[in-house]
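A short write-up of the structure that comes next.
The values are calculated or read from the model by the stated rules, or taken from the named source; none is laboratory data. Keep in mind it's a predicted model, so treat the numbers as computed, not measured. No Cβ is skipped: glycine too gets one built from the backbone with ideal geometry, and neighbour counts run over all protein chains shown.
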Amino acid sequence: MERITIDPITRLEGHGKIEIFLDPEGNVANTYFQIPELRGFEQFCVGRRVEDMPILTNRICGVCPEAHHMASAKAADAVYRVDPPRTAKLLRELLYSAFYVTDHTTHFYALGGPDFVMGPDAPVAERNILGVIHKVGLEIAGKVLQARKNGHAVIEMIGGRKVHPCTSIPGGQTKGITEEQRKEIEEMGRWAIEFAQFSLKLFTDIVLGNKHYVDLILGDSYYIPMHYIGTVDENNKVNFYDGKISVVNPDGERLGTYEPKDYGDWIAEHVEPWTYLKFPYLKKIGWKGFEGGKDSGVYSATPLSRLNVADGLATPRAQEEYEKFYATLGGKPVHHQLATHWARLIELLYAAERWVELATDPEVTSDKFRTQVTEKPTEGVGCVEAPRGTLIHHYWTDEKGILTKVNLIVGTTNNYAPISMSIKKAAQSFIKQGTVVTEGLLNRVEMAFRSYDPCFGCATHSLVGQMPLEVKISDAQGKTVKILRQYC
Amino acid sequence: MTAKRGKILVIGLGNPILGDDGVGWHIAMAAQTACEGCSQADSVNFELSSAGGLGLMEQMVGYQRAIIADSIVTSASEIGAIRSKPFSEYLATAHSSSSHDATLQAALEIGRRMGLLLPTELWAITIEIAPSYVFSETLSPAVASAVPGAADLIRTRLAELSNPD
């Protein structure tokens, strides 16, 4: 049996390894996606004060600290059974919308986009953000940097710091914003709407205008029917900050909608001996292995999932794009997992529109941004939609608010089984008997997981040099017959 | 930007709750303490960061000279080994590349093409660590013992940058 190893995966936060095992005929027998999980965070938190968690948990992750800050603050609200005032909720969601614009922008232009803008077979030295700038024009770099700068400015104004916000506490916020700041935030939000529309136009021109790419998206290599989950508001519209979690099956039928605190009734975790990370699945359906379809409890929680579970988006321009998305792809739900890139850009537009909605709410500058905590702390769950999946923080404390137990289900963990299945499907599609394994071909396998925008690290990592991609092919006796290396 | 012009940025990188991964913070903080009251104190800004790639480049905007303090995993040196080299001699230090956006080199190139003021002199002072996967606020003994030496190298480098002749 031959063995192909991709280690570590390029452009993935944290570092992972894909192993591809070939059968004697040279076809893909199986694949394993392994990542070195960071350990001990829950235990690290035990004995600390629950009100410290929104600050502490945003250090878990070098990519989405804002998501951890929000989920943690909401969990701390629940622990103290305190409902923050409306202004606090507006401020939190406003910060979170700006974060979404920043995060989705970075993913499209630096991570997912280069595969399409430069092409999946482009040399790896060109298939990156610099290549995109070279091809599309320097103007694009200015827009990307401006989008990030504006997002960080809003995060700093509301959250106190550019990257690791620190102002959400049990019961609300430590500070509000002035009218002058509000105007500035509104202006940046209006710019973000234009930028999101520009990004969708770019996607339409470069990806949807290219038959080769459309065939790739709509082909079988990245098609896996599965269940989907995502947070929706009271009208079943997508919401990143708050709501209930909606579950639909591969036929698009809603199986139910649950409060985040009831996640234990819906989600269970499967363990495999070859990885530290667990595989969440729908408890009521059960774990049936790495299988898609109605009878398997495998689900995903991605931008595509969020569109699939919702009845629409609550802002007008994003709703138009949502309708165009499903009209183009043949109706709901969409199981073409590469279409997640498109879904992400629609979410980018929604986040920008929501940013302006929140910034123009008359109550956003109110000084009533905190409800005093009066109850004894007990137990609480906080949940937000992180850009890369539903994020759950669950805390238990003693009567003094000292943590006795912590449980987190981070965004990407939801998608571990779907990512593993997508990698196998792509590998089986592209590596067949007699196939010469090229860098471009392996990039098509990588594209299977890149669409999920995975972030297994939940921390910054120690890596030497630029991210290397090593492909090792061994024969049945374990002898290395070929090694491919590339740097991106 | 103007307020930063002429100043030197010392930036400690890493995750402060991931054991040795956060040693860059310890180096920068020790260097700041060592520089208190020294002749270069007014010409240096010390910062701590968990960013890489574009985020790190954005933190450097406005500075012409910068020193990165970071961990590194090469497996070619003993744990605790200190290196002091121009950043250009590295493919990257431990955190200067963010696998979620771009390498620092690519980010700097983007920034320069956009006309941003970015360091033309960029130095890296690193300590070799083993890959760190367990959350902790403490450093391993071998890495902790290397921090004062790395901080001294920053102070020396600051003196050289402040008095180039």
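A few notes on this one:
- Filtered by the rule that a residue be touching a helix residue (DSSP H, G or I) at 6+ places or on another chain (Cβ under 6 Å), farther than 15 Å from B:Ala144 by Cα and either without any contact (Cβ under 8 Å) to a residue 40 or more places away in the chain or assigned to a helix (DSSP H, G or I) (or both), the range B:16-42 gives B:Ala34, B:Cys35, B:Ala41.
- In this entry, A:Gly292 is excluded by the filter for residues that are in a loop (DSSP other than H, G, I, E, B) and surrounded by fewer than 17 Cβ atoms within 10 Å (Cβ to Cβ).
- A:Lys149 vs. criteria surrounded by fewer than 20 Cβ atoms within 10 Å (Cβ to Cβ), assigned to a helix (DSSP H, G or I) and within 12 Å of chain B (Cβ to nearest Cβ): yes
- Search result, residues across the range A:413-440 that are touching a helix residue (DSSP H, G or I) at 6+ places or on another chain (Cβ under 8 Å), buried (at least 18 other Cβ atoms within 10 Å of the Cβ) and either on the phi > 0 side of the Ramachandran plot or not small (Gly, Ala, Ser) (or both): A:Pro418, A:Ile419, A:Ile423, A:Lys425, A:Phe430, A:Ile431
- The single condition among (1) farther than 30 Å from A:Pro362 by Cβ; (2) in a loop (DSSP other than H, G, I, E, B) that A:Gly113 does not meet is (2).
- Residue among B:Ala28, B:Ala34 that alone is in contact with a Gly (Cβ under 7 Å, 6 or more places away or on another chain) and either hydrophobic (A, V, I, L, M, F, W, C) or modelled with pLDDT under 90 (or both): B:Ala28
- Answer from A:Ile140, A:Ile155, A:Ile133 - the residue that is within 14 Å of chain B (Cβ to nearest Cβ), within 20 Å of A:Asp52 (Cα to Cα), assigned to a helix (DSSP H, G or I) and among the hydrophobic types (A, V, I, L, M, F, W, C): A:Ile155
- Long-range neighbours under 6 Å by Cβ, at least six apart or interchain, first residue aromatic (Phe, Trp, Tyr) within the range A:356-380, second surrounded by 15 or more Cβ atoms within 10 Å (Cβ to Cβ): A:Phe369/A:Thr87; A:Phe369/A:Ala88; A:Phe369/A:Gly172; A:Phe369/A:Gln173; A:Phe369/A:Gly176
- Residue match in the range A:317-324 (condition: in contact with an Asp or Glu (Cβ under 8 Å, 6 or more places away or on another chain), of a type outside the set (Gly, Ala, Ser), within 23 Å of A:Lys89 (Cα to Cα) and at pLDDT 95 or above): no
- Any hit, the range B:41-49, residues being among the aromatic types (Phe, Trp, Tyr) and touching a Lys or Arg at 6+ places or on another chain (Cβ under 6 Å): no
- Test result for A:Thr374, under 19 Å from A:Arg92 (Cβ atoms) and not acidic (Asp, Glu): no
- Scan the range A:53-97 for residues that are within 14 Å of another protein chain (Cβ to nearest Cβ), closer than 14 Å to A:His394 by Cα and not in a helix (DSSP H, G or I) and the total you get is 0.
- Single residue of B:Leu117, B:Leu139 found to be at pLDDT 90 or above, within 14 Å of another protein chain (Cβ to nearest Cβ) and in contact with an Asp or Glu (Cβ under 7 Å, 6 or more places away or on another chain): B:Leu139
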